[in-house]
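The structure appears below as structure tokens.
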Amino acid sequence: MNRKLKLNGIKKIRKVQTHVHEFEGSTKLAEQGADRHNHRFAGVTGQVIPFGKSHVHEIDLTHTDFFNHFHNLKKIRTGPAIPVGNGKHVHFVTGMTTLNDGHRHNFNFATLIQKPLV
């Protein structure tokens, strides 16, 4: 989110910190036979991106775990907030990894709640 701030007659845009979510997950299996495998990943989403009456987050993960190769989760957007009680929410995420070693992996997972200790 951006807020306009006026200093000395000059308008400046100041970014306001909102919240992020931790996430962890595993990809679906890919390939066949002895090469059949999946990958694990974990990270933190980007800040809030307003979306209708809700918001989403962007995930830009550089590497999954290593199984003779890596995959990335690039420019993935979460779904809108899903309330879970006590003012907390999670987001559902579905997508596909980058292509590497001749294949991609599908994935789906839910983020953890925002601000778990607050």
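The values are calculated or read from the model by the stated rules, or taken from the named source; none is laboratory data. Quick caveat: nothing in here was measured; it's all calculated off a predicted structure. When we count neighbours, we look across all protein chains shown, and the Cβ atoms used for this are built from the backbone with ideal geometry, even at glycine. With ligands, DNA and RNA removed, areas are computed over all heavy atoms of the protein, side chains included. Shrake-Rupley method; radii C 1.70, N 1.55, O 1.52, S 1.80 Å.
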Mean accessible area per residue over region 32-118 (1.4 angstrom probe, all protein chains present, square angstrom) is 61
If every Lys and Arg gets +1 and every Asp and Glu gets -1 at its Cβ, then about the Cα centre the chain yields a dipole, in debye to the nearest 20, of 1100
Looks like region 78-118, by Cα gyration tensor root eigenvalues a ≥ b ≥ c and the a/c under 1.5 rounded cutoff (else prolate when a/b is bigger than b/c, oblate otherwise), is prolate
The aspartates and glutamates whose Cα lies under 18 Å from the Cα of residue 15, excluding any fewer than 8 residues away in the same chain, are 58
When the charge dipole of region 29-118 is computed with +1 on Lys and Arg Cβ and -1 on Asp and Glu Cβ about the Cα centre, the Cα farthest towards its positive end, among 97, 29, 45, belongs to 45
Cα-Cα longer than 21 Å, checked against 28/74; 53/88; 28/75; 74/115, kept in input order, equals 74/115
The FRET efficiency for residue 67 and residue 47, from their Cβ-Cβ distance with R0 = 25 Å and rounded to 0.05, is 0.20
Candidates 16, 90, 48; GNM for the chain (alpha-carbon contacts under 10 Å) flags as most fluctuating 16
With a Förster distance of 30 angstrom and the Cβ-Cβ distance between residue 106 and residue 17, calculated FRET efficiency to the nearest 0.05 equals 0.40
Read-out percent of Cα pairs over 24 Å apart, candidates (i) 22; (ii) 27; (iii) 39; calculated match is (iii)
